[in-house]
1. Here is a list: ALA56, ALA46. Which entry is of a type outside the set (Ser, Thr, Tyr), surrounded by fewer than 18 Cβ atoms within 10 Å (Cβ to Cβ) and either in contact (Cβ under 8 Å) with a residue 24 or more places away in the chain or within 21 Å of ARG8 (Cβ to Cβ) (or both)?
2. LYS73 passes all but one of (1) more than 13 Å from the chain's Cα centre (by Cα); (2) closer than 21 Å to PRO109 by Cβ; which number fails?
3. Please go through the range 22-36 and pick out each residue that is in a helix (DSSP H, G or I) and either farther than 15 Å from GLU80 by Cβ or at pLDDT 95 or above (or both).
4. Return yes when LEU10 is assigned to a helix (DSSP H, G or I) and not basic (Lys, Arg) and no when it is not.
5. Could you pull out the residue among LEU4, LEU43 that is of a type outside the set (Val, Ile, Thr), part of a helix (DSSP H, G or I), modelled with pLDDT of 90 or more and touching a helix residue (DSSP H, G or I) at 6+ places or on another chain (Cβ under 6 Å)?
6. For the range 59-81, which residues satisfy the criterion of being surrounded by 17 or more Cβ atoms within 10 Å (Cβ to Cβ) and in a loop (DSSP other than H, G, I, E, B)?
7. Only residues in the range 80-101 that are in contact (Cβ under 8 Å) with a residue 12 or more places away in the chain count as the first member; pair them with residues that are of a type in the set (Val, Ile, Thr), Cβ under 8 angstrom, at least 6 apart or cross-chain, and list the lot.
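The values are calculated or read from the model by the stated rules, or taken from the named source; none is laboratory data. Everything numeric in this text was worked out from a predicted model, so none of it was measured. Virtual Cβ from ideal backbone geometry, glycine too; neighbours counted across all protein chains shown.
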Amino acid sequence: MIALVHGRPLSEVKREHIVEAARRVEMMPDSEPRKQRLLLIVLGTALGWVHEHPDADPSLQPNQVLGYPFTEKGLRAGTERWLRALARQTRNNRDHRFMLVDLANYVRPDTLF
């Protein structure tokens, strides 16, 4: 699954690869300890893919990845959510937890205050 989306240039990753990787992650049991990290890899790759393909047709199916819209805003929201969830689980390494929260703040969708 990771070979589909991770460690390759985004120019080589196709939308179908992201969708297939997401499908495989969804099939994993929630008790799998690596599942959240794998979710982040898929969502992060999808976000990078959206940046690399700004002219991609947003109506292509499926229009969601791991329950989030296959749009920059949707993928940012999903990535932020899972980064924060992973940070909450990080108990032994305070610096790592803070780094995850900082990354979540960086990636979260823009909002108007």
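1. Working: ALA46 fails: surrounded by fewer than 18 Cβ atoms within 10 Å (Cβ to Cβ).
Of ALA56, ALA46, the one residue that is of a type outside the set (Ser, Thr, Tyr), surrounded by fewer than 18 Cβ atoms within 10 Å (Cβ to Cβ) and either in contact (Cβ under 8 Å) with a residue 24 or more places away in the chain or within 21 Å of ARG8 (Cβ to Cβ) (or both) is ALA56.
2. (1)
3. Going residue by residue through the range 22-36, those that are in a helix (DSSP H, G or I) are 22-27, 35-36.
Listed by number, the residues that qualify are ALA22, ARG23, ARG24, VAL25, GLU26, MET27, LYS35.
4. On the way: assigned to a helix (DSSP H, G or I): no; not basic (Lys, Arg): yes.
No: the conditions fail for LEU10.
5. Working: LEU4 fails: modelled with pLDDT of 90 or more.
Answer to the check: LEU43.
6. Once the filter is applied, which keeps residues that are surrounded by 17 or more Cβ atoms within 10 Å (Cβ to Cβ) and in a loop (DSSP other than H, G, I, E, B), the range 59-81 yields LEU66, PHE70, THR71.
7. Correct list of pairs: GLU80/VAL107; LEU83/VAL101; LEU83/VAL107; ARG84/VAL101; ALA87/VAL101; LEU100/THR90.
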